[in-house]
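Okay, structure first, notes after.
Read the figures in this text as sums done on the coordinates, not as results from a lab. This one's a predicted model, so the numbers in the text were calculated from it and none came from an experiment. No Cβ is skipped: glycine too gets one built from the backbone with ideal geometry, and neighbour counts run over all protein chains shown.
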Amino acid sequence: MAKELKKQFGPLTKALLALGALLLLAILFFLFVDTPDDLSAGTTSKEKIIKMPEEDFDKVENGIHVATGFVKDEGMHLVIQNCVGCHSAKLVTQNRLSAEGWQSTIKWMQETQNLWNLGANEEKIIEYLAKNYGPVSRGRRKNLIDEDWYELK
């Protein structure tokens, strides 16, 4: 009878022992691997979290809001309140859209990303974004203008 039980449950016993060994290795790994304190769950070592003291949150240097990188201007706090809760400020500052482009982006976020209705603030947010993160004309320099030059002596 013992031989029959061993024959019947032998493979199951081996599988359970292997699973237990893997579980033990996982526990030992998490106990003895040293992770830096400045990393939070779900980040890699390349994505270090920089914590800014709350009293420095409103700090502005050279017209730039230090915490977000936004241009200090009317409507900036509305953008901070309504945008950076869901995504990085860099996602905003890297884009250059017209007022229509920002409006379209907001509409897309409302339809697909669960962005709430911005109400009366929407117009102020779009004005801020279009003014400070609007399209930048790039291309050739302006033509040189003929000037009357004096003669060198």
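With R₀ set to 30 Å, the beta-carbon distance separating Ala120 from Val60 gives a calculated FRET efficiency near 0.75. Here the extension length gained between Ala21 and Asn82 equals 17.1 nm, from 0.36 nm per residue of separation less the Cα-Cα distance.
If I take R0 = 25 Å and measure r between the Cβ atoms of Gln113 and Val136 in this structure, what FRET efficiency does the formula 1/(1 + (r/R0)^6) give, to the nearest 0.05?
Working: r = 26 Å, r/R0 = 1.04.
Working from the Cβ atoms, E equals 0.45.
Can you sort Ile125, Ile64, Ile27 from fewest to most other Cβ atoms within 10 Å of each residue's own Cβ? Spell out each step's value before the answer.
Values: Ile125 20, Ile64 14, Ile27 10.
Ranking Ile125, Ile64, Ile27 by Cβ neighbours within 10 Å, fewest first, gives Ile27, Ile64, Ile125.
Near the amide H of Ile64, under 5 Å away, which other amide H atoms are found, from residues 5 or more places off or on another chain, if H is placed in the peptide plane? Under 5 Å from the amide H of Ile64: Lys72.
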